[in-house]
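A quick write-up on the structure given underneath.
The values are calculated or read from the model by the stated rules, or taken from the named source; none is laboratory data. Quick caveat: nothing in here was measured; it's all calculated off a predicted structure. Quick reminder, even Gly has a Cβ in these numbers, built from the backbone with ideal geometry, and neighbours come from all protein chains shown.
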Amino acid sequence: MKGTIIITGGAGFIGSHVVREFVTKYPDYQIINLDALTYAGNLENLKDIEDFSNYTFVKGDITDQNLMLDIFKEYQPDGVIHLAAESHVDRSITDPTAFVMTNVIGTVNLLNAAKEIWKDDYVGKRFHHVSTDEVYGTLGETGLFQETTSYDPHSPYSASKASSDHFVRAYHDTYGLPTVLTNCSNNYGPNHFPEKLIPLCIHNILTNKPLPIYGNGKYTRDWLFVIDHAKAIDLVFHNGKNGDSYNVGGFNEWQNIDLVKELCKQMDEKLARPIGTSAALITYVKDRPGHDLRYAIDATKINKELGYQPSVTFEQGLSLTIDWFLNNQEWLDNVTSGDYQKYYQGQYNG
Ligand code: NAD
Ligand code: DAU
């Protein structure tokens, strides 16, 4: 395949890894990174590839319908990989409308722009929507999310992502748009914004601040190294079946408290401090409203149909992640200055 691919949200955490994967693996593609550069977007994430001849950055807000159409007309993409979103559950609780605007309206604007320029000629075209396992709601102590699990979102974030998934399916079923959808579990890795559990704890350990554990800490997530998510997106974008969705996960469940204790242990080892120094910062705080108890992905379909396997174990991935943050403290300092401080005060009362 040759062609032009618009990747939305390419300056964010996962998007930057997807952009790098595509720019370096497919020199024949033109990769357009379309991103509004919100608080979560950071072109520093892509410094190493910004001069590649097959990479272009375009600043644009997906909520702007006319702008999206103009950009699609100008670049005539063959493919779209849509990651741009408001992505943090806690922020969705304080400002749900922003999530409806970007995650729902923004997605519909992109679907309309693709439909408009492709004009029913869908040969060699693809719209890949990147979604989350949170659309399925919560599991009890047992069971796994399958592609057939009913949607049951509980947070404004997951409700907005569920809505966007419904629109993607509707555009496939109604207009024949060649869509694929992935629902992935919790990612971690380099460039993760420190509002999310793992990078927030790494930052707080480095700055000797409390490690806030919501509720009793027994909530469970299924963690996947971000580069393995990027590789799954590559597989599904190229080989997934039109109209289908694929769950992506690591078969790697951790209760939050156990995960943070493991992180503390590895941080102490890497910082050559007595084991227990970081764990002493663990502080139980007020629970997140509507907190989903447990997410766990059954990734059998992507494994069987597309041969997908995560490439690193959790131990390797966590170690690589900590090393990246220790070697990139300037990145961490930059993203935690300014507005982040206001966010942190509001969320954790200082
Ligand atoms: P992120 O918050 O780190 O990055 C989001 C990116 O989107 C940023 O670069 C931001 O500038 C951009 N953006 C936001 N609003 C925009 C708008 N209106 N117009 C254009 N660009 C805009 O998010 P992430 O964690 O990298 O998640 C990326 C995608 O993957 C999201 O769709 C998210 O729902 C999904 N996802 C995330 C995870 C996870 O664990 N982080 C897991 C599964 C799925
Ligand atoms: O499951 C996929 C989702 O994973 C993605 O769709 C979201 O974009 C992504 O943000 C993530 O959502 P979570 O809410 O699971 O991630 P977060 O890192 O915010 O929280 C992970 C768990 O840790 C969750 O149970 C809440 C808890 N937590 C989080 C924070 C920020 C704490 O206990 N303390 C904290 O300070």
Of 85, 98, which residue is buried (at least 21 other Cβ atoms within 10 Å of the Cβ) and not hydroxyl-bearing (Ser, Thr, Tyr)? 85
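Each row is one residue, and each column tells you yes or no for (1) aliphatic (A, V, I, L, M); (2) surrounded by fewer than 21 Cβ atoms within 10 Å (Cβ to Cβ).
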{"site": "183", "(1), (2)": "no, no"}
{"site": "210", "(1), (2)": "no, yes"}
{"site": "214", "(1), (2)": "no, yes"}
{"site": "218", "(1), (2)": "no, yes"}
{"site": "224", "(1), (2)": "yes, no"}
{"site": "246", "(1), (2)": "no, no"}
{"site": "268", "(1), (2)": "no, yes"}
{"site": "272", "(1), (2)": "yes, yes"}
{"site": "275", "(1), (2)": "yes, yes"}
Exception for residue 142 within (1) away from ligand 2 (no atom under 16 Å from the Cβ); (2) more than 18 Å from residue 251 (Cα to Cα) falls at (2)
List the pairs whose first member sits in segment 67-82 and is within 19 Å of residue 103 (Cα to Cα), whose second member is among the polar types (S, T, N, Q) and at pLDDT 95 or above, and whose Cβ atoms are under 7 Å apart, counting only residues at least 6 apart or on separate chains? 68/109; 82/8; 82/107
Any helices (runs of 4 or more DSSP H) falling wholly within segment 1-115 and containing at least 1 residues that are closer than 27 Å to residue 190 by Cβ: 13-25, 89-94, 96-99
Among the residues of segment 262-274, is any closer than 22 Å to residue 220 by Cα, of a type in the set (D, E, K, R) and in contact (Cβ under 8 Å) with a residue 12 or more places away in the chain? yes
Given (1) at negative phi; (2) under 22 Å from the mean Cα position of the chain (by Cα); (3) touching a residue at least 60 places away in the same chain (Cβ under 8 Å), number of the condition residue 309 does not satisfy: (3)
Does residue 322 meet the test of being at pLDDT 95 or above and in contact with an Asp or Glu (Cβ under 9 Å, 6 or more places away or on another chain)? no
Quick one: in segment 206-246, of everything that is in a strand (DSSP E or B) and among the aliphatic types (A, V, I, L, M), which residue is farthest from residue 300 (Cα to Cα)? 211
Scan of segment 302-330 for residues that are assigned to a helix (DSSP H, G or I) and among the small types (Gly, Ala, Ser), ordered by number: 317, 319
Report every pair of residues separated by at least 6 positions or lying on different chains whose Cβ atoms are under 7 Å apart, first residue within segment 214-227 and touching a residue at least 40 places away in the same chain (Cβ under 8 Å) and within 16 Å of residue 193 (Cα to Cα), second β-branched (Val, Ile, Thr) and near ligand 2 (Cβ under 9 Å from one of its atoms). 226/14
What about residue 122, is it in contact (Cβ under 8 Å) with a residue 40 or more places away in the chain and assigned to a loop (DSSP other than H, G, I, E, B)? yes
How many residues are more than 12 Å from ligand 1 (Cβ to nearest atom), aliphatic (A, V, I, L, M) and outside any strand (DSSP E or B) when one looks only at segment 131-158? 1
For residue 199, state whether it is under 19 Å from residue 12 (Cα atoms) and in a loop (DSSP other than H, G, I, E, B). no
Report yes if residue 228 is within 16 Å of ligand 1 (Cβ to nearest atom) and crowded, with 21+ Cβ neighbours inside 10 Å, otherwise no. yes
So is residue 130 farther than 30 Å from residue 28 by Cα and either more than 16 Å from ligand 2 (Cβ to nearest atom) or touching a residue at least 24 places away in the same chain (Cβ under 8 Å) (or both) or not? no
From the list 300, 277, which one is farther than 30 Å from residue 231 by Cα and not hydrophobic (A, V, I, L, M, F, W, C)? 277
Search result, residues across segment 52-67 that are closer than 18 Å to residue 105 by Cα and more than 9 Å from ligand 1 (Cβ to nearest atom): 65, 66, 67
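Residues checked against (1) within 20 Å of the chain's Cα centre (by Cα); (2) closer than 19 Å to residue 164 by Cβ:
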site	(1), (2)
57	yes, no
60	yes, yes
63	yes, yes
69	no, yes
72	no, yes
79	yes, yes
83	yes, yes
87	yes, yes
91	yes, yes
